[in-house]
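Structure, as structure tokens:
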There are 6 protein chains.
Amino acid sequence: MTSTAPQHDINSPDNLARRRHGQSVLSKIDGHQGEAVVDSLADINPALGHHVAAFVFGDIYDRPGLDARSRQLVTLGVLTALGGCEPQLKVHIGAALNVGISREEITEALLHAAVFCGFPRALNATFIAREVFAERDDPLAS
Amino acid sequence: MTSTAPQHDINSPDNLARRRHGQSVLSKIDGHQGEAVVDSLADINPALGHHVAAFVFGDIYDRPGLDARSRQLVTLGVLTALGGCEPQLKVHIGAALNVGISREEITEALLHAAVFCGFPRALNATFIAREVFAERDDPLAS
Amino acid sequence: MTSTAPQHDINSPDNLARRRHGQSVLSKIDGHQGEAVVDSLADINPALGHHVAAFVFGDIYDRPGLDARSRQLVTLGVLTALGGCEPQLKVHIGAALNVGISREEITEALLHAAVFCGFPRALNATFIAREVFAERDDPLAS
Amino acid sequence: MTSTAPQHDINSPDNLARRRHGQSVLSKIDGHQGEAVVDSLADINPALGHHVAAFVFGDIYDRPGLDARSRQLVTLGVLTALGGCEPQLKVHIGAALNVGISREEITEALLHAAVFCGFPRALNATFIAREVFAERDDPLAS
Amino acid sequence: MTSTAPQHDINSPDNLARRRHGQSVLSKIDGHQGEAVVDSLADINPALGHHVAAFVFGDIYDRPGLDARSRQLVTLGVLTALGGCEPQLKVHIGAALNVGISREEITEALLHAAVFCGFPRALNATFIAREVFAERDDPLAS
Amino acid sequence: MTSTAPQHDINSPDNLARRRHGQSVLSKIDGHQGEAVVDSLADINPALGHHVAAFVFGDIYDRPGLDARSRQLVTLGVLTALGGCEPQLKVHIGAALNVGISREEITEALLHAAVFCGFPRALNATFIAREVFAERDDPLAS
């Protein structure tokens, strides 16, 4: 690290490189919806947007120790259990499709989650899955 | 269904068959620890024990739409996110090992979960993973 | 159980009977709104719909060990505490009225819950109660 | 209110009267265990102890709009759903027994809660119920 | 306390004084939005409205042991972590501005919270902050 | 960034520098207890330990937009609300003392949190505060 900028400076050359790398991972997994979330943070909380790209996708999502499919299954479990994460579920159910998890596997995963976090959380996540699937069938309608 | 017993009668022939089937699925996935949990409910809440076996394992875990590995990844995500589920994490981190998820994948899944439910939940789940791994290394020590 | 269908087959004669029984319990407690939720799952996650009917209502709600009023009080407590369950609160505040819990008791239960899960959750549940009560007063307006 | 003490002064005559009234309600419902919790706060957070007595029990628990049995059913639902409230569940499962809810109704309520907040929360609450019942059977053993 | 009204009577002279005092604290911190929430409870759950004013603001918010800025920082942490509290976050992000916390500190606090409760909760709270800031910039647009 | 190591390599020179910087921030705020948590992860989940140091403390805690006192108040709010974070509360109540928040302010913050996340969460956090304060009074006893 030849830069003398402090580590917290999100616009240092090092952090710019980390963010760009994260954005490339993000766009592969979450597609346009994920990019749109990060872009939308530029005015209100740019550091949050930086860390979603640089840390979440550049540091974590890109690690080789767990394949993309497995990461999305864990993500579906966490987001369904938390509740109140409908916007994130929308992005990550789309991401699950992007990495090759089938619609049937996604809805089965949500039924499975019901056992551990209850039927209301599973129902709410399933309603989001329906929206995501409908948008994939008819992208112009969304 | 030839039985005239009401559906809620957990000791009807139909429900006995459902429970036995569930127990066989449970013992394959969760092993002795899972069986011990269900057995321990016999005196205090036998209907809860019945539904853990008959519904959770007989009805849900055995469904063909999602492989055992994927189910455990969703389960790890849900239990880590919920928090306060240390006893269940202990059983299901063991179950993750039983269905072929490696130790490295499990700890990687918990790091991944930190992104979505925060570091404290991931840390607490990792401390449970350490206990489970130690018991596998030295079963007599537990 | 004379059927040779696997237990997880939600369209076996046994499971069809379980689901039909559950739907009759569901319609008595949750009325049209509850039925609509299950029906809406037919295309996206039919197994989830099956288990809401067969397990939640057929197996659990119909058990004789706790009266319908008590079950709805527990349900109000759980759904208020979970948060993010507005659609389910809407159905189950309606169900509370259906089993004879008065409006005053419902809002009192939500105030009581505030002690244990905080005022924001109690406020959000109360806003749903207002919607449910308004729809009962003027069904055509909903 | 003839007192000129500020409302936040927990040792004003008005607040002392409110706290004493709350303590009498508390001791009727929660018994010695509830009193012990409030007493234990005297050194570390006396204002928290004051408000548990004066507000929770004096203001809320004593309200006539919902009977004691119903309040404890809501409480069991909330505490089971929250998770991580084992000390409070211990006191309030005891309180449920104190207001006439049977052991069978309590365990049935916890099974019922599993539908809405998942089996792990219901299991953990059931393990606490077992402790409470055992202590009632053999008070000297606790 | 010369009043002979029971403590739970929210319209006794004592409780009316407590409520009025709380409303004056509430209006200073939460402004019109907070008042509107309490007013909106008058028809549906007046006791909940009373305790929001008399207890939350009259008893707790007005205590001298913690300054207003610190209280709002704790509040932001709790509401962000709970999730599903968007209406309350809207009021309390406004309150944070009212007590002198800057926009930059608020969004920094939400980024900080992401570490402990995960990025989805921080993102959802940030989206609410954007709404609040926009309304302050253009009050007529809201 | 002159290094050619991938961003996810936690032992690259860049990440080693980030981690070392984070550890120095961590030791200033959390003291020995925080260091002990990170050290204890070395064998079981070193990447989690890296990101606690490099991301949580190096990237976030060290940012200039919010003072240390304010960060700890947000942290107390989040951890109290989450529940089940007793080990983290222990570290961060200690950290609150380290950055100059008084014992009285800490317990007042926990009482304040009760309003938003309920009394059980506030009680459990207060019990942890008592442990932390006792250890400060008598370090040898812990």
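The values are calculated or read from the model by the stated rules, or taken from the named source; none is laboratory data. Note that this is a predicted model, so its numbers are computed, not measured. Counting neighbours? That spans all protein chains shown, and the Cβs are built from the backbone with ideal geometry, glycine included. For the accessible areas, the whole protein counts, side chains as well, though only heavy atoms, and no ligand, DNA or RNA atoms are used. Shrake-Rupley method; radii C 1.70, N 1.55, O 1.52, S 1.80 Å.
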query: Can you give the FRET efficiency for B:Thr4 and B:Ala42, using 1/(1 + (r/R0)^6), R0 = 25 Å, r = Cβ-Cβ distance, to the nearest 0.05?
result: 0.45
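When the helices in the protein assembly as shown are scored as -39500 (n - 2.57) per DSSP H run of 4 or longer and the sum is shared across all residues, what 222 nm value do you end up with, to the nearest 500 deg cm²/dmol? It would help to have the intermediate numbers written out before the result.
On the way: 42 runs with 570 residues, N = 852.
Computed mean residue ellipticity for the protein assembly as shown: -21500 deg cm²/dmol.
Can you bin segment C:18-139 into rounded, prolate or oblate? Criterion: square roots of the alpha carbon gyration tensor eigenvalues sorted a ≥ b ≥ c, rounded for a/c under 1.5, prolate for a/b above b/c, oblate for the rest.
Numbers: a/c = 1.70, a/b = 1.57, b/c = 1.08.
Prolate, because a/c is 1.5 or more and a/b exceeds b/c.
What FRET efficiency would be calculated for the residue pair F:Ala17, A:Arg69, taking the C-beta separation as r and a Förster radius of 35 Å, to the nearest 0.05? Before the final figure, lay out the partial values.
Details: r = 33 Å, r/R0 = 0.95.
Taking R0 as 35 Å, the efficiency between F:Ala17 and A:Arg69 is 0.60.
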- prompt: Put the label 7 Å from Cα along Cα→Cβ for A:Asp43; what are its distances to the other copies, in nanometres, shortest first?
  reply: 3.6, 3.6, 5.3, 5.6, 6.5
- prompt: In nm, what does the list of distances from F:Lys28 to its counterparts in the other copies look like, shortest first, when each label sits 7 Å along Cα to Cβ?
  reply: 3.5, 3.7, 5.7, 5.7, 6.7
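Please tell me which of these pairs span more than 20 angstrom C-alpha to C-alpha: A:Lys90/E:Lys90; F:Lys28/F:Lys90; A:Lys90/C:Lys90; C:Lys28/C:Lys90; B:Lys90/D:Lys90?
On the way: A:Lys90/E:Lys90 23 Å; F:Lys28/F:Lys90 16 Å; A:Lys90/C:Lys90 23 Å; C:Lys28/C:Lys90 16 Å; B:Lys90/D:Lys90 23 Å.
Exceeds cut-off: A:Lys90/E:Lys90; A:Lys90/C:Lys90; B:Lys90/D:Lys90.
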query: Where the label is 7 Å out from Cα toward Cβ, how close does D:Glu104 come to the same position in every other copy, in nm, shortest first?
result: 3.3, 4.4, 5.5, 5.5, 6.7
query: For the protein assembly as shown, what is the accessible area per residue in Å², given a 1.4 Å probe and the full set of protein chains?
result: 34
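Which of rounded, prolate, oblate describes segment E:10-63, given a ≥ b ≥ c as roots of the alpha-carbon gyration tensor eigenvalues and a/c under 1.5 marking rounded, otherwise prolate only if a/b is larger than b/c? Don't jump to the answer; show the numbers that get you there.
Details: a/c = 1.91, a/b = 1.04, b/c = 1.84.
It comes out oblate by the Cα gyration axes.
Treating the beta-carbon of each Lys and Arg as +1 and of each Asp and Glu as -1, no other charges, what is the dipole magnitude of the protein assembly as shown about its Cα centre, to the nearest 20 debye? Provide the component values of the computation, followed by the final result.
Details: 72 positive and 102 negative charges, 0 e Å.
With only Lys, Arg, Asp and Glu charged at Cβ, the dipole is about 0 debye.
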- request: Run the accessible area of the protein assembly as shown with a 1.4 Å probe and give the carbon-and-sulfur part as a rounded percent.
  value: 54
field: Rounded if a/c under 1.5, otherwise prolate or oblate - the protein assembly as shown, Cα gyration tensor axes
entry: rounded
query: Which of the residues in segment B:114-129 show a loss of at least 30 Å² in accessible area from their chain by itself to the complete set of protein chains, at a probe of 1.4 Å?
result: B:Val115, B:Phe116, B:Cys117, B:Phe119, B:Pro120, B:Arg121, B:Leu123, B:Asn124, B:Thr126, B:Phe127
- prompt: What residue among D:Leu26, D:Leu66, D:Val78 has its Cα farthest toward the positive end of the dipole of segment D:1-93, where the charges are +1 on Lys, Arg and -1 on Asp, Glu, each on the Cβ?
  reply: D:Leu66
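What's the buried accessible area, both sides, between E and A using a 1.4 Å probe, rounded to 100 Å²?
Numbers: alone 8540 and 8560 Å², together 15680 Å².
About 1400 Å² of accessible surface is lost on pairing.
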